[in-house]
1. Looking at the range 283-306, which of its residues are within 16 Å of the ligand (Cβ to nearest atom) and either of a type outside the set (G, A, S) or in a helix (DSSP H, G or I) (or both)?
2. Criterion first (among the small types (G, A, S), on the phi > 0 side of the Ramachandran plot and open to solvent by less than 70 Å² (accessible area, probe 1.4 Å)) does G355 satisfy it?
3. What about A437, is it of a type in the set (A, V, I, L, M), in contact (Cβ under 8 Å) with a residue 60 or more places away in the chain, in a loop (DSSP other than H, G, I, E, B) and closer than 24 Å to R383 by Cβ?
4. Within the range 67-86, how many residues are farther than 17 Å from V204 by Cβ, open to solvent by less than 60 Å² (accessible area, probe 1.4 Å) and out of contact with any helix residue (DSSP H, G or I) (no Cβ under 7 Å at 6 or more places or on another chain)?
5. Can you tell me which residues in the range 128-158 are touching a residue at least 24 places away in the same chain (Cβ under 8 Å) and more than 32 Å from the chain's Cα centre (by Cα)?
6. So, in the range 264-282, exactly how many residues are within 16 Å of the ligand (Cβ to nearest atom) and more than 24 Å from P157 (Cβ to Cβ)?
7. Are there any pairs, at least 6 apart or on different chains, whose C-beta atoms fall under 6 Å, with the first in the range 355-379 and closer than 16 Å to T313 by Cα and the second among the polar types (S, T, N, Q) and outside any loop (DSSP other than H, G, I, E, B), and if so, which?
8. In the range 148-173, what residues are in a strand (DSSP E or B) and among the aromatic types (F, W, Y)?
Amino acid sequence: MTALARFENTIDGRTQPSASGRWFPTLNPYTGAAWAELPWCDGADADAAVEAAHRAFISGDWPAMTATARGKLLRHLGDLIARDAQALAEIEVRDNGKLLAEMVGQVRYIPEWFHYYGGLADKIEGAVIPSDKPQMFTYTRREPLGVVVAITPWNSPLLLLAWKLAPALAAGCTVVIKPSEFTSCSTLALMALIKEAGFPDGVVNTVTGFGAEIGAALVSHPKVAKIAFTGGDATGAAVYAQAAQQIKHVTLELGGKSANIIFDDAQIDDAVRGAISGIFAASGQTCIAGSRLLVQRRICDEVTSKLVAVARTAKLGDPMQATTQVGPITTQPQREKVLGYIDIARNEGATCLLGGRIPDAPGLAQGWFVEPTIFGGVSNDMRIAREEVFGPVLSIIPFDDEDEAVAIANDSIYGLAAGVWTGSIRRAITMPDRLRAGTVWVNTYRAVSYLAPFGGYKKSGIGRESGKAAIEEYLQTKTVWINLASSVPDPFVMR
Ligand code: TXE
């Protein structure tokens, strides 16, 4: 038996196994087999990483560096990621089973975040405050928060890390990354590029292992100033509660149950393609999945039959192959969860129009596949319409008019994203105003950019990632008062 590849953490600039010397395997969702091993960290490693990040924040080269120099490091890192995009994407596919074509595209896009925030690093400005007090000079400084713990999920490990890492570093923070235990390898591979780019030791550190074991040690560490988290809402709520104990800053990017709304004046074939990309791309494992498809009743049968016809032809298979359209589910527990929701939907009385099973095609048995699944006859009070499935399962919900579409779309604990398909300019402008979601797409779906703030309303999260807004999440304001008078007046009266 050949030994598995081993990836190591980087703490204080040194690659290392865990303090305990234990390892755990990472599995390939297409083969179901272990393909690499990772350091199984515990509280001792978490503490070492936070201490290293704290030292790098308060002393040494990083705090002494100009913002322009910081920005250059970020841009250099972006170039190195572009150079190694193919190799990084292949690591991601082995870990998360998403299509190589999608992951290569995604990793090739990641440098934009480092270039953008590299450019923004030396445009962080304070202000001189007009003074209402004579002989007083008052100004503000924008200062980094401190040590940031970045906790990332398994669906798009490097992209969702870049959304945190680039603005955090541009702001001058230092970072400890806790990648998902299911997909840590690409993050550990990225650390070699962070070293090559020239970041001082301790500015970026990693700790791999199980969230339940090291999450609390990281989140509650007194030297951590902020947690930037993407993951499920239950874990997000636990992280938020723990962070509150020490009044730490948080950004939370959590789940969704996004409504993708098709009006009867839409280009129906485009809308069908949008609905497919909204739920079957990445096997539905995206926080922005358009898992509730709201269709105006007059066109509901037509849209449904077109959707079923297109989804039926989706080619499941090896995510490394260019012809594959739907890959496996990333983790075994997640596949169980998806299959569980399919049973729940059937028991609730929804009609399974397509899929709903583990595929029996030859060559797929070893991987964690679920057939693309479409449910009709769904009402918005069913659990399949209310809870995040995070898999290739679409619920079709008919509506009669605009008001009803808005009411159904907004009747959710989540508010991450929404889609609107319409030929009406009026609707294209008024519907986004009425939808309670952090992102609304009109006649498109799943567009994101380093330029555009992204985040959730309601239980989908707190704070924004990407765009200028995101850097604010890693900064705090200090106000400085300088007395220009030659003497200090009456000490018993507030100035
Ligand atoms: O996520 P977790 P899971 C949703 C999706 C999925 C569900 C559960 O619905 O079915 O979440 O997935 C770390 N303290 N999303 O269990 O647990 C964990 O190690 C600190 C939506 O995989 O939220 C990982 O690094 N950290 C989502 C990260 O949290 C802890 C993407 C996310 O894992 C921790 C993924 C703890 N106590 C799942 N426990 C999205 N918004 O895109 C775990 N972690």
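1. Pass one, the range 283-306, residues within 16 Å of the ligand (Cβ to nearest atom): 283-292.
Residues satisfying the conditions are S283, G284, Q285, T286, C287, I288, R292.
2. Numbers: among the small types (G, A, S): yes; on the phi > 0 side of the Ramachandran plot: yes; open to solvent by less than 70 Å² (accessible area, probe 1.4 Å): yes.
Here the answer is yes, as G355 does meet what is asked.
3. Numbers: of a type in the set (A, V, I, L, M): yes; in contact (Cβ under 8 Å) with a residue 60 or more places away in the chain: yes; in a loop (DSSP other than H, G, I, E, B): yes; closer than 24 Å to R383 by Cβ: yes.
Taking the combined requirement at face value, the residue satisfies it.
4. Result for the range 67-86: 0.
5. First pass over the range 128-158, keeping only residues touching a residue at least 24 places away in the same chain (Cβ under 8 Å): 129, 133-158.
Listed by number, the residues that qualify are I129, K133, P134, Q135, M136, F137, T138, Y139.
6. Of all residues in the range 264-282, those within 16 Å of the ligand (Cβ to nearest atom) come to 278-279, 281-282.
Filter once more, so that each one left must be more than 24 Å from P157 (Cβ to Cβ): none.
Selection size over the range 264-282: 0.
7. G355/T373; G356/T373
8. Restricting attention to the range 148-173, the residues satisfying the condition of being in a strand (DSSP E or B) are 148-151.
None - no residue of the range 148-173 is in a strand (DSSP E or B) and among the aromatic types (F, W, Y), so the list stays empty.
The values are calculated or read from the model by the stated rules, or taken from the named source; none is laboratory data. For clarity, every value in this text was computed on a predicted model and none was experimentally measured. Methodologically, a virtual Cβ is constructed for each residue, glycine included, from the backbone with ideal geometry; neighbour enumeration extends over all protein chains shown. Areas reflect the complete protein model, heavy atoms only, side chains present, ligands, DNA and RNA absent. Shrake-Rupley method; radii C 1.70, N 1.55, O 1.52, S 1.80 Å.
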